[in-house]
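Here the structure is laid out as structure tokens; the discussion comes afterwards.
The values are calculated or read from the model by the stated rules, or taken from the named source; none is laboratory data. None of the values given here were measured: they were computed from a predicted structure. Cβ placement follows ideal geometry from the backbone for every residue including glycine, while neighbour counts extend to all protein chains displayed.
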Amino acid sequence: MEMSEQKDGIAEVARETLEKLLGLMGVSTSVVLVSELAAEGEEGALPGLIFDIEGDDLGILIGRRGQTLACLQFMVRLIVAHRTKVWRPIVIDIGDYNRRRQEALQALAFRMAEQVKERGVPFALEPMPAADRRIIHLSLAENPDVTTQSSGEREERKVVILPQEPLD
């Protein structure tokens, strides 16, 4: 199978899988392939897929802090990988939730970094999933006034924003 045929086949399997799961959940939606993520990593790797779920009253699919959406995305990735024997990144979004969540987390990171800079005291954010912690870390990576680190275990893992130690 050629690369383009394989890409199209995986996208179709992913869309069908997502539609089937949503149907089993009793949620009336439509699934749209929005775009393909740029491939990172090894040469010849397939790019990821981004699907958007459209419909009414889809908050139930997002869940508290996006946990239901993250679980749905994980299940779709596993099922598609099992069916196609190819691991391909798959992102599922609902009404631009992922973009809005990323923007909110970045704004939180910048606000807290400013407070840490002004007060000179570390600040621990609430526990959050790995993907959210990554957004915080990346948002503040270039900030010369603060540094970040994760602390805690499992569901209690959180980001701590610390004042940058002065260089002697």
Selection from the stretch 89-129 of residues that are in contact (Cβ under 8 Å) with a residue 60 or more places away in the chain and surrounded by fewer than 17 Cβ atoms within 10 Å (Cβ to Cβ):
P129
I'd like to check which strands (runs of 3 or more DSSP E) are fully inside the stretch 28-141 and have at least 2 residues that are at pLDDT below 85 and under 29 Å from E12 (Cβ atoms).
29-36
If the requirement is being over 28 Å from L21 (Cβ atoms) and surrounded by 15 or more Cβ atoms within 10 Å (Cβ to Cβ), which of these qualifies: L138, L162?
L162
Looking only at the stretch 130-160, and only at residues there that are over 21 Å from the mean Cα position of the chain (by Cα) and of a type in the set (V, I, T), the one that is nearest to L69 (Cα to Cα):
T147
Just the residues that are more than 23 Å from the chain's Cα centre (by Cα) and small (G, A, S), please, taken from the stretch 101-129.
G120
Within the stretch 77-87, is even one residue closer than 25 Å to S150 by Cβ and surrounded by 15 or more Cβ atoms within 10 Å (Cβ to Cβ)?
yes
